[in-house]
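The values are calculated or read from the model by the stated rules, or taken from the named source; none is laboratory data. Keep in mind that what you see is a predicted model, and the values were worked out from it rather than measured. Methodologically, a virtual Cβ is constructed for each residue, glycine included, from the backbone with ideal geometry; neighbour enumeration extends over all protein chains shown. Only protein heavy atoms, including side chains, enter the accessible area calculation; ligands, DNA and RNA are left aside. Shrake-Rupley method; radii C 1.70, N 1.55, O 1.52, S 1.80 Å.
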Amino acid sequence: VQLIESGGGLVQAGGSLRLSCAVSGRSISVTAMGWFRQAPGKDRELVASIDWRGNNRYFADSVKGRFTASRDDAKNTVYLEMSGLKAEDTAVYYCAGDRAPILRVGVDPDYWGPGTQVTVSS
């Protein structure tokens, strides 16, 4: 199973970016998907997740109202739409997937992408 993120880059504060995660080797319709991020010197944190049915979504408090997550089963791709970006959103963003129906607290997902850098300039 391979996950490849794209769409990262440099953006000014207040701007928007859309991250994509193309999945191969497993259908996202039977995979819980999530977006994590890790800033320098900080722990990795779960930003958003979607269960394998696409019915339940989770967003970290720090991004609620600014980030949305979606999926395109036909393209086997998930997305993270980020708006109102802040300097504190600067991090490497990782796409992750799990064979369980939903990402589990305290359990690392089974599959990870290599990450994409998002840098927000203030």
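Give, as residue ranges, the strands (runs of 3 or more DSSP E) completely inside the stretch 55-122 that count at least 1 residues that are small (G, A, S). Spell out the reasoning first.
Values: elements: 57-59, 67-72, 77-82, 91-98, 116-121.
Of the strands (runs of 3 or more DSSP E) lying wholly inside the stretch 55-122, those with at least 1 residues that are small (G, A, S) span 67-72, 91-98, 116-121.
Residue by residue through the stretch 85-102, note down the ones that are under 30 Å from G14 (Cβ atoms), more than 10 Å from the chain's Cα centre (by Cα) and open to solvent by less than 30 Å² (accessible area, probe 1.4 Å).
L85, D89, A91
Could you go through the stretch 32-47 and let me know if any residue there is more than 21 Å from V92 (Cβ to Cβ), part of a loop (DSSP other than H, G, I, E, B) and touching a residue at least 12 places away in the same chain (Cβ under 8 Å).
Taking every residue of the stretch 32-47 in turn, none turns out to be more than 21 Å from V92 (Cβ to Cβ), part of a loop (DSSP other than H, G, I, E, B) and touching a residue at least 12 places away in the same chain (Cβ under 8 Å).
Closer than 13 Å to V92 by Cβ, of a type in the set (A, V, I, L, M) and outside any helix (DSSP H, G or I): does that describe L19? Full working, then the answer.
Working: closer than 13 Å to V92 by Cβ: yes; of a type in the set (A, V, I, L, M): yes; outside any helix (DSSP H, G or I): yes.
When the stated conditions are applied, L19 passes them.
For the stretch 103-122: of the residues being at pLDDT below 95 and on the phi < 0 side of the Ramachandran plot, which is surrounded by the fewest Cβ atoms within 10 Å (Cβ to Cβ)? Write out each step before concluding.
If we filter the stretch 103-122 for residues that are at pLDDT below 95, which is where we start, we get 103-108, 122.
Still in the running and on the phi < 0 side of the Ramachandran plot: 103-105, 107-108, 122.
Values: L103: 22, R104: 11, V105: 7, V107: 9, D108: 12, S122: 10.
Restricting to residues being at pLDDT below 95 and on the phi < 0 side of the Ramachandran plot, the top hit is V105.
For the stretch 33-45, name all the residues that are open to solvent by 50 Å² or more (accessible area, probe 1.4 Å) and either touching a strand residue (DSSP E or B) at 6+ places or on another chain (Cβ under 7 Å) or closer than 12 Å to A96 by Cβ (or both). Lay out the reasoning, then the answer.
Start the filter on the stretch 33-45 by keeping residues that are open to solvent by 50 Å² or more (accessible area, probe 1.4 Å), which leaves 38, 40-45.
Correct list: Q38, R44, E45.
Kindly indicate whether V63 is within 13 Å of the chain's Cα centre (by Cα), of a type in the set (V, I, T) and more than 15 Å from S27 (Cα to Cα).
Numbers: within 13 Å of the chain's Cα centre (by Cα): yes; of a type in the set (V, I, T): yes; more than 15 Å from S27 (Cα to Cα): yes.
Yes, satisfied.
Checking the structure you have, find out if any residue of the stretch 61-68 is among the small types (G, A, S) and in contact (Cβ under 8 Å) with a residue 60 or more places away in the chain. Working first, answer last.
Within the stretch 61-68, the subset among the small types (G, A, S) is 62, 65.
Restricting the remaining residues to those that are in contact (Cβ under 8 Å) with a residue 60 or more places away in the chain gives none.
No, there is no match, as no residue in the stretch 61-68 is among the small types (G, A, S) and in contact (Cβ under 8 Å) with a residue 60 or more places away in the chain.
Which of the residues belonging to the stretch 3-32 are closer than 11 Å to N76 by Cα and either in contact with a Ser or Thr (Cβ under 8 Å, 6 or more places away or on another chain) or surrounded by 16 or more Cβ atoms within 10 Å (Cβ to Cβ) (or both)?
L3, S20, C21, A22, V23, R26, I28, T31, listed by residue number.
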